[in-house]
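Reading through the structure tokens given below for one structure.
We did not get these values from a lab; they are worked out from the coordinates using the rules stated. Only a predicted model underlies this, so the values are computations on that prediction, with no experimental measurement involved. Neighbour counts run over all protein chains shown; Cβ positions are idealised from the backbone, glycine included.
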Amino acid sequence: MYIRQTKLIRRVATPALGLFLALVAGCPGSLDGVGSAGGGGVVPDGDAIDGNRGSTSSSVVQGEPNGSFRQAIEAVFDATGVARLQGTVASTTDLDVFALGAMSAGDRILIEAQTTGSSLDVSIALFDGEGRLVSANDDAGGTLDSLIDVTARHAGDAYSLVVTVSAFASSGTRSGTYTADVTVQRGGSVPSPVRQTLFLDFDGATVDIPTVFAEPFTISAFDAGDIAAAYAGQTEMLKQMIVETIEQNYARFDVDIVTSDEGQPDASTEFSTLFLGGFDSDTFGIAESVDLYNADFCDDAIIFTGSFTPGLFSGTPTVSELAIAIGNVAAHEAGHLLGLNHTDDDLDLMDDSSPADAFIEDQEFIEAPLSADIMSIGSQDSALLLSEIVGLRDGVTLKAVEYVLRQRDSIDVGRTRMSFDAFRGGEKIGLHAGTIRQLKARGQDSSR
């Protein structure tokens, strides 16, 4: 979500935070939740030594320090392919890193972290040998436990598990013990990328999101004049430029973009909907969930176009700049629907803390450090993940994508860091680009 500096939905582990939008042809009206993790074992009384349960022989398999990839504890797998780990998260800055060893494309990795008997709100993440995020989870099945069940899309010689406390942990749940069972099933098939259709709805809609809003509300049809009087009469031009920005952001990937001007996709097509219109005093955009590996082809997001008021920028954007800003936020929210998390880099479309002025830059899907609200370690390679989730267009190679992105100059927007995610109805919701309230309080004109 982009909260006028908001970005997306954050509890990465929950496939849906309850954003239930109007039904669309070809798409189901609800999502299945993740089942609760099981088999993690009982957390031992008192502090647990970080390491392998039942092992006391070597500092390589237990003990501190273990807060970096280089200091990782070696996970010991038994004959059945299971490693039984345990540990204590002592503070909000404590990371326990476990080396899982080499993985091949097609290996299924199941990680069940439990805190039975402990108050810890645990969060886990799986990284490949380059320290790039593979999957993450914070709260599975409505519990404080965490679950990852993922098939490796690419090989790596040193996959790692990181266990820490949730960035959203409440008082009393920020430390404690845990167990984590890691099961690796070798030799499976690699899921093929699947093309995704994005439907850009500029016509307005009545939306029902119980976990976010107390009652259904209506998103007005897109009108440039609703943003500011300076843009009145330029709706069609602005709309076209927004579409072109979104198309440019996804040009390398196998994503089809259809607009309401062309008509809704036919009933046989599964598609995710981006509603563009309306206003929210706190948020630029919100996505239904971080849909890891695009498990749901029919989820939704809202881009509150009326929230992009000129006063949030350092100067009044031109029509072209405004279109780029709205299009970049829309691409960001769509990224969440495809499975991407927040990062911490103004150049990356998935950044969650840059000011609104960064929206009008040529942001792209690149590799960038993860947002601290996900993990304070590792990176997310958005281009790599999208190539594995939806695939690349014919004639495009990942190397070519990386080359183009690495030629770009850095952007200096003099940003002030802010949180893009917010709490509504007890849920963590990803907002795009810092809250509008925060911006106004600081007398700033820009933020995501």
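Annotations for the structure displayed:
- Coupling constants for segment 174-180 follow from the phi torsions by the Karplus curve (6.51 cos²θ - 1.76 cosθ + 1.60, θ = phi - 60°), and in residue order they are 9, 7, x, 9, 8, 10, 9 Hz; glycine and proline get x.
- Length gained on full extension, Ser104 to Gln240, computed as 0.36 nm times the residue gap minus the Cα-Cα distance: 44.6 nm.
- Charge tally for Val319 (other residues, Cβ to Cβ under 13 Å; Lys, Arg +1; Asp, Glu -1): -2.
- Label-point separation, Ala267 to Asp157 (7 Å along Cα→Cβ), nm: 5.5
- Neighbour-count order for Val82, Val182, fewest beta carbons within 10 angstrom listed first: Val82, Val182
- Gyration tensor verdict on segment 350-400 (Cα atoms; rounded if a/c is under 1.5, prolate if a/b is larger than b/c, oblate otherwise): oblate
- In nm, spacing of pseudo-spin labels at Arg70 and Ser91 (7 Å Cα→C-beta vector): 2.1
- Global geometry of segment 100-170, whether rounded, prolate or oblate, following the gyration tensor of its Cα atoms and the 1.5 cut on a/c: prolate
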